[in-house]
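The block underneath contains the structure these notes are about, expressed in structure tokens.
No lab work stands behind these numbers, since they all come straight from the coordinates. Everything numeric in this text was worked out from a predicted model, so none of it was measured. All Cβ positions, glycine included, derive from the backbone under ideal geometry; neighbour counts span all protein chains shown.
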Amino acid sequence: MQAVILAGGKGQRLRPYTSVLPKPLMPIGDRPILEIILRQLAHAGVTEVVIALGYLGSLIQTFLEQSEMSRLIKIRYHWEETPLGTAGAIGTITGLNAPFIVMNGDILTSLDFGDLYRHHLAGDADLTIGVVWTKVQIELGVLTLDADKRVTDYDEKPTMCYAASMGIYVYSPSVLPFIIAGRYLDAPTLVLQLIRENRTIKAYDPDCVWIDLGNRGEHERANAEFLRDPCLFLPGPLETRSPVPA
């Protein structure tokens, strides 16, 4: 089983830390978030990871080449000369001939990647999207209007719940023809294109911890969650990998 980790972003909202450190190397507890992700993927049965590099990518490559992770899982490096987006980077990666995981390199989650992969295969999907349910507090009174613009309901400062993307996917090779090599493409645009083409897109919404290290507040929250229960995020010995179809 293969995975692609998108690790080329600049992490603007985490500056000044990311002025000298790429976001996938931001520490969670006593190790970089990227190491936690790689350990989780290896434990789930992933045998090869392609890391899409850009901004400060040489630091990521140097770290991994000196880390035990390079001995525990096969790692390939894919360099982007110019940013191609969260889907466009995949268009120039070779050797993706079976369903594969794609994810951002700055996510702390307790998600079971093996179960995600099995869910994708069972659903016979072109694309599976990891979903987190997100609550949003609306700070205004929300009105419901009918066709004649009459007010039929009034909800004062409601809390709305939405299914949001985790930035974690499983792609089938059938998606690859929609990604043109060398052309910028983000994940939302790809998903909308697949919907228009009536392709099968499934959601996977596990009960798990999920934190995107997008800003300082979320980075601090991720550290607190990790330190509260490291075993929730660090799987056991790699020799006990889950049996996941290749």
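Couple of notes before you dig in:
- Computed helical MRE - 222 nm, the chain, DSSP H runs ≥ 4 contributing -39500 (n - 2.57), nearest 500: -7000 deg cm²/dmol
- Placing +1 on each Lys and Arg Cβ and -1 on each Asp and Glu Cβ, with no other charges, gives the chain a dipole about its Cα centre of roughly 500 debye.
- Against the chain, whose longest principal axis is taken from its Cα atoms, helix 187-196 shows a tilt of about 60°.
- Toward the positive end of the charge dipole of the stretch 124-246, with +1 on the Cβ of Lys and Arg and -1 on the Cβ of Asp and Glu, the farthest Cα among Ile195, Leu140, Ile211 is that of Ile195.
- Restriction of the GluC sites (Glu not before Pro) in the stretch 44-102 to DSSP coil positions whose beta-carbon has at most 15 other beta-carbons within 10 angstrom yields Glu68, Glu81.
- Normalised contact order of the chain, rounded percent, pairs of Cα under 8 Å and 6 or more residues apart: 28 percent
- Local electrostatic count at Pro206 - Lys and Arg +1, Asp and Glu -1, tallied over other residues with Cβ under 15 Å: -2
- Antiparallel bridge percentage (DSSP; both residues within the chain; nearest 5): 55 percent
- Subset of Lys149/Lys202; Lys23/Lys157; Lys23/Lys135 violating a 32 Å alpha-carbon distance limit: Lys149/Lys202; Lys23/Lys157
- Tilt relative to the chain, helix 33-44 - C-alpha long axis, 0 to 90 degrees, to 10: 80 degrees
- Among [x] 15.8; [y] 16.6; [z] 13.0, the entry that matches mean projected area of the Cα convex hull in nm² as calculated here: [x]
- Helix axis angle, 113-122 relative to the chain longest principal axis, alpha carbon, degrees: 70 degrees
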